[in-house]
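Just so it is clear, none of the values below were taken in a lab; they were calculated from the coordinates. Just so it is clear, the structure is predicted and the values come from calculations on it, not from any experiment. Using ideal geometry, Cβ is built from the backbone for each residue, glycine included, and neighbour counts are taken over all protein chains shown.
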Amino acid sequence: MSESEVMPQPQLDVRAIPPVERHARIFGIARALDEGESFVIVNDHDPRPLRYQMETRYPGLFSWEYLQQGPEIWRVEIKKLQSPGCDCCCGG
């Protein structure tokens with residue numbers, strides 16, 4: 001791929017996923033990322049509780065950047081920063 005070609009960033013619109021399944025789906029995608037890869041979640045409210053869960057389960061492993069903050073749509077980029085070097089939480 002040349003420098004002029006940019007791959008679209010993967011995006012997960014969680015508004016279409018039943019609430020009880022959302023966090024598990026997001027964690028699955030996040031764990032499958034390679035170091036430096038990211039994806040964007042789209043939600044209809046601030047996913048702050050998800051951020052707290054991620055920081056508790058995977059401290060220092062993911063970055064979290066708001067791309068859009070409401071009032072109707074929230075978009076957050078989640079990026080895998082490093083591999084933990086173990087099989088305990090992320091299969092690294």
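Please state the shape class of the stretch 11-80: rounded when a/c is under 1.5, otherwise prolate if a/b exceeds b/c and oblate if not, all from the C-alpha gyration tensor.
Cα axes put the stretch 11-80 in the prolate bin.
Taking amide H positions as placed in the peptide plane 1.01 Å from N, state which residues far from residue 45 in sequence (5 or more) or on other chains have amide H under 5 Å from it.
Amide H neighbours of residue 45: 74.
Give me, ordered by chain and number, the residues 5 or more places off residue 33 or on other chains with an amide H under 5 Å from its own placed amide H.
Residues meeting the amide H criterion: none.
Under a point spin-label approximation (7 Å from Cα along Cα-to-Cβ), what is the residue 9-residue 32 distance to one decimal in nm?
Distance between the two pseudo-spin positions: 1.9 nm.
Under a point spin-label approximation (7 Å from Cα along Cα-to-Cβ), what is the residue 48-residue 65 distance to one decimal in nm?
Distance between label points: 2.2 nm.
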